[in-house]
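Notes follow the structure.
The values are calculated or read from the model by the stated rules, or taken from the named source; none is laboratory data. This one's a predicted model, so the numbers in the text were calculated from it and none came from an experiment. All Cβ positions, glycine included, derive from the backbone under ideal geometry; neighbour counts span all protein chains shown.
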Amino acid sequence: MKKFSPDVIARRLASLPQPSYAEDLPVNARRQEIMQALEQHQVVIICGETGSGKTTQIPKICLELKRGVHGLIGHTQPRRIAARTVAARIAEELKSPLGQTVGYKIRFTGKISSDSYIKLMTDGILLAETQVDPLLQAYDTLIIDEAHERSLNIDFLLGYLNQLLPKRPDLKLIVTSATIDAQRFARHFNNAPVIEVTGRLFPVEIFYRPLTADDEDEGDLQRAIIHAVDELIALGPGDILVFLPGEREIRETAETLRKHHFGRLWPGRTGVEILPLFARLSFAEQERVFQPGGARRIVLATNVAETSLTVPGIHYVIDTGLARINRYSYRNKVEQLLVEKISRASANQRAGRCGRVANGICIRLYAEQDYHGRPEYTDPEILRSSLAAVILRMKSLKIGDVESFPFLQSPPPRMIADGYQLLSELGAVDENKQLTAVGWRLSKFPIDPKIARMILAAKQENCLREILIIAAALSLQDPRDRPFEHQAAADNAHRHFTDERSDFLSYLKLWDYFDDLLKHKKSTRKLIAHCREHFLSYRRLREWREIHGQLHALIGELGLKPNEIPASYDEIHRSLLSGLLGNIGFKTEKEGEYAGARGIKFAIFPASVLKKAKAKWVVAAELVETSKLYARCIARIDPAWLEKIAGNLCKKYYSDPHWQKKQAQVMAYERVTLYGLMIVPKRLVYYGSIDPEESREIFIRSALVAGDYHTDAPFFQHNQALIHNIEELEHKARRQDVLVDEQQIFAFYNAIIPHKIINGAGFEKWRKQAEQHNPQVLFLQREQLMRHGAHDITEVQFPENLILPDGNQLPLAYRFEPGHVMDGVTVRVPLPLLNRLDARQLDYLVPGLIRDKVTWYFKTLPKQIRRMLVPLPQAVTEFLERRANTGNSLPLENSLAQFILRKTTQIVPPETWSAADMPMHLRMNIQVADDAGEELAMSRDLSALQMQLGNAAQQDFMKHNREHEK
DNA sequence: AGGGTTTTTT
């Protein structure tokens, strides 16, 4: 921004307006003092109650000091309407058409010329101008009005100006404030002088009428209001303003009052008019408050009437002492809108509302003690807000750290940290808290960064047209009206715009509807009437289009164009999610409850189309805690979208890493969560890239050590055969200490195979190279695998085959696994040969096991016989030797009985030994197989098998013979 | 089965 050139300054000086003053305004009594202070100080604080005339007179005083020549006198107001009306008033007092000497600028509109000296604007506009004019060179004087309201904009501006003033010694600053919190502002600006201006308020008498302490419920409040109204009506005529926390209380009170009989107390009048007043009310309904009729009026208002709107002609105030206050909970990342006790400053402001026309009376529905126990001031907005937007703006203005920024009151570090966290989740700042490319672009948008983020995402998803409409809608109050006398009718009218999947899409339908209305409109009057009939706010619809137009222009500057092909549901909602990831929810078991980010639980707002839909996954435009934590403006989403959109915000957990032979890779199950919500429960993934070290170990253990691997590599066949061979020995010997443990085999491979090998493919590649140098590099040696020699395990002791008397050989299998059906020795016999088996031969098992078997027989003898055989091992040897020498065609038990009789003269009764008591592995297991090698039956009882399968065996045997004959 | 204040922005 360029300063004025010398000739322009000269011209401005020459035509400087000469203000005149209405001397009855209190502020003008202090004119000289103010002028003197302004000449001597860079900053002056002026405080005075409403009615002092400071807002309109101070700019004129500045003109008299020849301010406004080198730059404009910038004068800010918290609200747009105020900026415009104040501009009009000052213009009138200076006898200049609006836009000439005095101009104004608010969002979307303004009226100002190069000849203007005074510029009224909202504080938001001045703040926005810092982006293009960081030194605010356009101004030589600034008036920050209503600073006591302590909005986010005001606090930010005052911090910014604190930094700016040393760089602009020529700039004068006036801060005005209503209440006596002036000292805080003075301290903030290096002990600037404070000039107090008396207000022109009439005295207000305060009565305290606390609710009865034993029963502080809703009904009690209603009763108290009625009593207060009765009390005031009895005092004399005059309108009453009742401050209530919200719309619901207003409605209840309105009903209570309508049912109440005022007539007796107040005869001869036309009655009582009850007027609700809150910001969401339609324009027409609000208008009623400003057009007094004949009846006595009771206005039931929220906080709008405390600062934003001045209800005329109020003589009495009833103050419930309550308000809904917006607070951001950084812990849950949601806004709270809970009913709180108002501060003393707020209570005084409310009381002051009845001292504007005459002496007033204010009844407080709480105790005086309660009043004195309350905090002096309402917490400024900056201590109650999410700081993401503030931080983003500060970063884009490059004005240093948030932590050291000269705020009037600095937000606590955890709130600042939370702001950074949200920005980081939006991708606006990096790990060094510096703005990213995305952050820079977000800062260009005059909307919430979350909403701006959707617009950036919409470019990728090709749905800018739709998202611009939705983003604009989310940046203002819902254009749909729902007056409480006509709720059902309004809902009915709005049903026309619903989409059963998503509340966001209603905005698109409503947009098209209004667009159509505009195209076919006959007159604005008719259009407004049509909107009212259909429960739509014409003003908000227009505002919507204005914001949309602004966003549209902005994306044009960024070189983006809206899509011409309509976007899909998925594209639109994926874009929305980019800004709203923290607002996702998953339906819980509990009726109507959703689990949200970071363990929060929320309910769907009743007006949503998804209220009853039981959608599994949803996203909400906002989460606000009122009577419950409610999600408003909801859509169904597909959780499969989330992972890609959330990127690094997702947390991944792995379980059960395992070898997969077919792919020759280690795989694991992946679980993905976002803010603690499980978005992918169980997914099979390649584990090699996730934990290469563990994967390598699993590969070696499973594929190479355990042999679960498919390869024709000679080393593998060799090593497997070797291990198998030694395992066989263990089965035969019925002991497990022959093969070295797996850890040693693992250690062997681990030492040879390079670190980077983590799967089959990598291994084979390496192996082929390694084997060129040494073909046997991976060969295990027998000695490496055996813990001891196992010399007693010979072919004679544990033969591979059972040789039948006719020369047939039947394979034997050994197993050491007590309890297993095949524990011990198993002979495998083809069905045709089953009848050839002789129990007497099977009794003797194999040489390596017969000693154990005979020992068992001896040990289970009755005591008096057993005693005579001691020492048993010697007796066993003797029996086995004798049998080997003589041969024996008797069954084993008979042979034993004979041996015992001879040796001890004792007769062993036939029932002494029961096969059922014998350890299984001491009886030969017989497995019968059919032609195809499939098992037909298995048992240790030969006679039972032969009984069961004997006939079949016989036939099979005959058939075989016949076939041989052919 | 059930409802929320207010304001502002290149």
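Name the single residue, out of those in the range A:615-636 being part of a loop (DSSP other than H, G, I, E, B) and away from DNA strand B (no atom under 12 Å from the Cβ), that is surrounded by the fewest Cβ atoms within 10 Å (Cβ to Cβ).
Per the stated criteria, the residue is A:Lys616.
Among the residues of the range A:98-136 satisfying the criterion of being within 16 Å of DNA strand B (Cβ to nearest atom) and of a type in the set (Gly, Ala, Ser), which is farthest from A:Gln57 (Cα to Cα)?
Ranking the candidates gives A:Ala128 first.
Scan the range A:275-300 for residues that are more than 12 Å from DNA strand B (Cβ to nearest atom) and among the basic types (Lys, Arg) and jot them down.
Answer for the range A:275-300, where residues must be more than 12 Å from DNA strand B (Cβ to nearest atom) and among the basic types (Lys, Arg): A:Arg288, A:Arg296, A:Arg297.
Tell me, which strands (runs of 3 or more DSSP E) wholly within the range A:319-406 include 1 or more residues that are under 30 Å from A:Gly439 (Cβ atoms)?
It comes to A:322-329, A:334-341.
Can you name every residue in the range A:478-501 that is assigned to a loop (DSSP other than H, G, I, E, B) and in contact with a helix residue (DSSP H, G or I) (Cβ under 6 Å, 6 or more places away or on another chain)?
Selection gives A:Pro479, A:Arg482, A:Thr498, A:Asp499.
Search the range A:414-459 for residues being within 15 Å of A:Leu558 (Cβ to Cβ) and more than 16 Å from DNA strand B (Cβ to nearest atom), and hand back the single one that is surrounded by the fewest Cβ atoms within 10 Å (Cβ to Cβ).
Looking at the filtered set, the residue picked out is A:Lys459.
Among what's in the range A:307-325 and is in contact with a helix residue (DSSP H, G or I) (Cβ under 8 Å, 6 or more places away or on another chain) and within 8 Å of DNA strand B (Cβ to nearest atom), pick the residue that is nearest to A:Glu231 (Cα to Cα).
Selected residue: A:Ala323.
Can you find a residue in the range A:33-44 that is part of a loop (DSSP other than H, G, I, E, B), surrounded by fewer than 23 Cβ atoms within 10 Å (Cβ to Cβ), at pLDDT 95 or above and not aliphatic (A, V, I, L, M)? Give the derivation first.
Step one: list which residues in the range A:33-44 are part of a loop (DSSP other than H, G, I, E, B), which gives A:41-42.
From what's left, surrounded by fewer than 23 Cβ atoms within 10 Å (Cβ to Cβ): A:41-42.
Filter again for at pLDDT 95 or above, leaving A:41-42.
Subset that is not aliphatic (A, V, I, L, M): A:41-42.
Yes, the range A:33-44 contains a residue that is part of a loop (DSSP other than H, G, I, E, B), surrounded by fewer than 23 Cβ atoms within 10 Å (Cβ to Cβ), at pLDDT 95 or above and not aliphatic (A, V, I, L, M).
Any chance the range A:58-73 includes a residue that's under 17 Å from A:Ile154 (Cβ atoms), away from DNA strand B (no atom under 16 Å from the Cβ) and either in contact with a helix residue (DSSP H, G or I) (Cβ under 7 Å, 6 or more places away or on another chain) or not basic (Lys, Arg) (or both)?
yes
Looking at this structure, is A:His520 surrounded by fewer than 20 Cβ atoms within 10 Å (Cβ to Cβ), assigned by the TED database to the domain that holds A:Arg545 and over 27 Å from A:Glu564 (Cβ atoms)? Before you say what the answer is, go through the steps one by one.
Working: surrounded by fewer than 20 Cβ atoms within 10 Å (Cβ to Cβ): yes; assigned by the TED database to the domain that holds A:Arg545: yes; over 27 Å from A:Glu564 (Cβ atoms): no.
Judged against the criteria, A:His520 is not a match.
Mind checking which residues of the range A:679-692 are out of contact with any Cys (no Cβ under 9 Å at 6 or more places or on another chain) and touching a residue at least 40 places away in the same chain (Cβ under 8 Å)?
Selection gives A:Gly688, A:Pro692.
With respect to A:Leu423, determine if the residue is in contact with a Gly (Cβ under 8 Å, 6 or more places away or on another chain) and more than 15 Å from A:Trp544 (Cα to Cα).
yes
Restricting the range A:231-258 to residues that are away from DNA strand B (no atom under 16 Å from the Cβ) and more than 22 Å from A:Pro292 (Cβ to Cβ), which is modelled with the lowest pLDDT?
Taking the range A:231-258 as the starting set, the residues that turn out to be away from DNA strand B (no atom under 16 Å from the Cβ) are A:231-240, A:256-258.
Right, trim to more than 22 Å from A:Pro292 (Cβ to Cβ) and you get A:231, A:256.
On the way: A:Glu231: 92, A:Thr256: 88.
In this case the residue turns out to be A:Thr256.
For the range A:421-466, name all the residues that are touching a strand residue (DSSP E or B) at 6+ places or on another chain (Cβ under 8 Å) and touching a residue at least 12 places away in the same chain (Cβ under 8 Å).
A:Leu423, A:Ala428, A:Val429, A:Leu435, A:Gly439, A:Ser443
Before we move on, is A:Glu670 more than 30 Å from A:Leu337 (Cβ to Cβ) and either assigned by the TED database to the domain that holds A:Leu739 or touching a Gly at 6+ places or on another chain (Cβ under 6 Å) (or both)?
no
Filter the range A:596-614 for residues that are surrounded by fewer than 20 Cβ atoms within 10 Å (Cβ to Cβ) and in a strand (DSSP E or B); which is farthest from DNA strand B (Cβ to nearest atom)?
A:Lys601
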